Amino acid sequence: MENKIKWGVIGSGGIARRRTIPEGIMNADHAVLSAVYDINAEVNTAVAKEFNARAVNSIQELISSDIDAVYIASPVNKHFEHVLACAKGKKHILCEKPLGMTTAETEKMISACKAEGVMLGTSFMMRFVEQHKAALQLIQDGRLGKPVYGRAQLSCWYPPIEGAWRQDPASGGGGSLMDMGSHCIDLLEMFFGKIRSVSCFINNSVHPYRSEDSAVVSLLFENGAMGTVDTYFCIPDNSSKNILELYGSGGSILAKGTIGQGPAGEMTAYLEGDSSGYNAQQSRNEGDGISINPPPVNTYRAEIEEFSCAIIEKREPKNNVDLGLESQKILAACYESARTGKTIKIN
């Protein structure tokens, strides 16, 4: 067990069971699954049996065990109390986004973790997609020129389901914008830097549940670039190709399927430099693209490995809490914009 972080899980059903436990914790070199908790005892017992872990009956029993860190994948309205409980128990925490229901909750969570000397991280696993990292390197190397525009799309078909916490803002904080748009906004910030202001529309285009099933956000970045995020719970899965588009004065990086739960998609760079003259014919040559296809990694394994190594090495993780706080502020501004019809500046 040397150099391995012993993990506990709160919310062992859902994404934890589908992805983070089997692909992340079970496969990471510096992690081992120790104990799991879920409000649904039957599900929790099944998860524990499937992954050879201890099923506990309460949050306190989990915290009292000999784990080092907790992955929190409970409904959003439970994140605040679960993070505070884990911090009080001196456990490091990797929490699913959004960290809290509000910016104020998130700030209190951060303060509690700092006071107890534990690490708090945000689960933005799409930052670990190798194609996204390669695109970021091209941008940092100046190959895209001056950033001009970015678009990130993530949609799925999510029909009304009884008890689904993402379909009620009281439990999920919001709908497609909160759940999927947060990933898209975070990615565009990774590429283009901090956001200065937002303008947002949300709607229930198809589904009648309380959370929005549709959202479009316009972004203005501090460096002058602009962006768009479009995210829907009401478009059939195979009809939304999860597009990523990054444009600059020196070219573009275009991708399909890199945004999502998979490790890779298709990405092509069209890099021309920004010194070419005016072309009145505006001719297009589709054959000049450069395929960006580094060996893929499992993003759930990568995020668990990064956080585990940060604990072992006593350093700030790449999936740190600052990302979560920034995301919370931007999401709050988006919902305020949708409510008021105004462009909202980010504090």
Helix 41-50 versus the longest principal axis of the chain: what is the Cα-based angle in degrees, 0 to 90, to the nearest 10? 80
With a cut-off of at most 15 other beta carbons within 10 Å, and DSSP calling the residue loop, which GluC sites (Glu not before Pro) in region 156-248 qualify? Please list them. E162, E222
For semi-axes √(5λ) of the Cα gyration tensor in Å, calculated from these coordinates, the label among (i) 35, 23, 19; (ii) 53, 24, 17; (iii) 34, 27, 18: (i)
Neighbour-count ranking for D29, D168, D230 (other C-beta within 10 angstrom, fewest to most) reads D29, D168, D230
Between helix 182-192 and the chain: long-axis angle, C-alpha atoms, 0 to 90°, nearest 10: 50
What are the principal axis extents of the Cα atoms in region 1-106, in Å, biggest first? 37, 31, 24
Fraction of antiparallel bridges per DSSP, the chain only, in percent to nearest 5: 60
First select every other residue whose beta carbon is under 10 angstrom from the beta carbon of E266; then total the charges, Lys and Arg +1, Asp and Glu -1. +2
Over what distance in Å are the Cα centres of region 94-135 and region 163-203 separated? 14
Which far-off residues, 5 or more places away or on another chain, put their amide H under 5 Å from the one on G145, with H placed in the peptide plane? G250
Using +1 at the Cβ of each Lys and Arg and -1 at the Cβ of each Asp and Glu in the chain, identify which of L84, N57, G13 lies farthest towards the dipole's positive end. L84
What Kirkwood radius, in Å to one decimal, follows from the Cα pairs of region 56-180? 16.9
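What trypsin sites (Lys or Arg not before Pro) in region 175-265 are in a loop by DSSP, with at most 15 other Cβ atoms within 10 Å of the Cβ? Provide the component values of the computation, followed by the final result.
Values: sites: K194, R196, R210, K241, K256; in loops: K194, R210, K241.
Sites meeting the loop and neighbour criteria: K194, R210, K241.
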Potential lengthening between K88 and T102 on full extension [0.36 nm per residue; Cα-Cα distance subtracted]: 3.0 nm
Relative contact order of the chain, defined on C-alpha pairs under 8 angstrom at six or more residues apart (%): 20
Any cysteine of the chain lacking a neighbouring Cys Cβ under 4.7 Å - listed by number: C86, C95, C113, C156, C184, C234, C309
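Quick note: the coordinates plus some simple rules give every number you see, no bench work behind them. Here the structure is a predicted model, which means the values were calculated and not measured. Every residue, glycine among them, receives a Cβ derived from its backbone with ideal geometry; neighbour counts consider all protein chains shown.
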